[in-house]
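The structure under discussion appears below in the form of structure tokens.
The values are calculated or read from the model by the stated rules, or taken from the named source; none is laboratory data. Owing to the predicted nature of the structure, the values given are computational and were not obtained by experimental measurement. All Cβ positions, glycine included, derive from the backbone under ideal geometry; neighbour counts span all protein chains shown.
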Amino acid sequence: MRFHFRRATLRAIAGAGLMTIAAFGAPLVQADTFPSRAIKFIVPFGPGSGTDTSARYFAKKLQDITGQAVVVENKPGANGFIAVKQVLSAPADGYTVFIGSNSTLAVNAALFKQLPYDPVADFSPLTMMMRSPAMLAVTPGAKYNDLKGLIAYAKANPGKVNFGAGSAGYQLMGELLNDAAKIETLHVPFKGAGETMTAVSSGTVDYTFAEVTAVQELAKGGRVKVFGVASDKRVASSHDVPTIAEAGLPGFEAYTWVGAMVSAKTPAAETAKLADLFMQISKMDETRAFYEKLGATPMTGGPQQMREFQKNEIALWKRIVVQAKVPQQ
């Protein structure tokens, strides 16, 4: 009898212990900090693009901070639609981040009558990562030597000057110049910045807008002329290049930019944590130095600032599409 009592007591104690472990174990699991596993960055362009460069830099820093792996996946093609679809079809848990650009998050909204996604409603912004001004690169054999000369020549020869563009964003920058300078030039599409710059340096097209890194090395070798940088101030890596305002077109600014977003269905807590982590990286001195070498500027604002900037960009490019009568796709 005594034996049975002691065995029953042990069972009761063991049961109580298991209940205690269960009771305290559940909150411990729930308290696991986010992120607790690998994060995936989806990039809508190929390796080596400005967006990809930013994605890989932030991936390394985020991995260092969190101790979790961050994998960058390039999903180029179809105007970014392939990458967007992958992000929006993935579980909305904060572990899939879209590293988008002005093309996918603003310009597409202006150029397409019907997008398969809404760049505002379908995403929650984390932060802008960087902004880089476009440079105006001209074929070395041009008959004009500066921006004023290009504008005068285009006005004297309407429809006979052309510009190349490797993406929808750069196409609209060309149309923005047409609108600001009151000139008529023809758009020639190319598949990316590399192909466009080859066309400009060989004289196949007259000029283009392109990111600083795509232009400045060619300019040093005399393969293109640079008439201006489309920003409010000169870039440190090419300080001899005037702003387009200084070159004769006041108020002209045009930027490529990169920003991080998650599906709008992502829980608020995970979205806020990611935003904090991205802003922490943006504010690092190392990040500023990294981007200055590329002629770019890190952006340290959070979700609200990014949303406001994105909406302003969409409104700008929609206006240019209408005024320049750019055919919508």
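Could you say which residue among Thr204, Thr185 is farther than 30 Å from Ile42 by Cβ, touching an Asp or Glu at 6+ places or on another chain (Cβ under 8 Å) and hydroxyl-bearing (Ser, Thr, Tyr)?
Sole residue among the options that is farther than 30 Å from Ile42 by Cβ, touching an Asp or Glu at 6+ places or on another chain (Cβ under 8 Å) and hydroxyl-bearing (Ser, Thr, Tyr): Thr185.
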#### Entry: Of residues in the stretch 125-180 being closer than 30 Å to Thr266 by Cβ and hydroxyl-bearing (Ser, Thr, Tyr), the one modelled with the highest pLDDT
Thr127
### Query
Are there any pairs with C-beta distances below 7 angstrom linking a residue in the stretch 266-291 that is farther than 13 Å from Ile65 by Cβ to a residue that is surrounded by fewer than 17 Cβ atoms within 10 Å (Cβ to Cβ), with the two at least 6 apart or on different chains, and if so which?
Thr266/Asp93; Glu270/Asp93
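Can you name the residue in the stretch 92-141 that is without any contact (Cβ under 8 Å) to a residue 60 or more places away in the chain and touching a helix residue (DSSP H, G or I) at 6+ places or on another chain (Cβ under 9 Å) and is also nearest to Glu308 (Cα to Cα) among such residues?
That would be Asp118.
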### Message
Is it the case, given these coordinates, that Thr300 is out of contact with any Gly (no Cβ under 6 Å at 6 or more places or on another chain), β-branched (Val, Ile, Thr) and under 17 Å from Phe34 (Cα atoms)?
### Response
no
## Note on the structure
So, first residue free of Cβ contacts under 8 Å to residues at least 60 places away in the same chain and under 12 Å from Ala137 (Cβ atoms) in the stretch 217-240, second residue part of a loop (DSSP other than H, G, I, E, B) and of a type in the set (Lys, Arg), Cβ within less than 6 Å, six or more apart or across chains; the pairs are none
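Do you know which of the residues in the stretch 265-304 that are acidic (Asp, Glu) and more than 12 Å from Leu126 (Cα to Cα) is modelled with the lowest pLDDT?
Result: Glu292.
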### Query
In the stretch 189-263, which helices (runs of 4 or more DSSP H) lie fully inside it and hold 1 or more residues that are within 30 Å of Leu277 (Cα to Cα), polar (S, T, N, Q) and at pLDDT below 90?
212-220
### Ala55 being closer than 18 Å to Met306 by Cβ and aliphatic (A, V, I, L, M)
yes
### Message
Among the residues of the stretch 149-183, what is the count of those that are closer than 30 Å to Gly100 by Cα and assigned to a loop (DSSP other than H, G, I, E, B)?
### Response
2
#### Entry: Residue count, the stretch 35-68 (criterion: at pLDDT 95 or above, among the β-branched types (Val, Ile, Thr), within 19 Å of Tyr291 (Cβ to Cβ) and surrounded by 21 or more Cβ atoms within 10 Å (Cβ to Cβ))
1
### Message
So the check is Cβ under 9 Å with 6+ separation or different chains; which pairs have a first residue in the stretch 309-329 that's surrounded by 19 or more Cβ atoms within 10 Å (Cβ to Cβ) and a second one that's hydroxyl-bearing (Ser, Thr, Tyr)?
### Response
Glu313/Tyr255
### Message
List pairs: first residue in the stretch 248-264 and at negative phi and buried (at least 18 other Cβ atoms within 10 Å of the Cβ), second residue of a type in the set (Lys, Arg) and not in a loop (DSSP other than H, G, I, E, B) anywhere in the structure, Cβ distance under 7 angstrom, at least six positions apart or on different chains.
### Response
Tyr255/Arg131; Trp257/Arg131
### Task
Just need a number here: residues in the stretch 202-227 that are under 22 Å from the mean Cα position of the chain (by Cα) and buried (at least 19 other Cβ atoms within 10 Å of the Cβ).
8
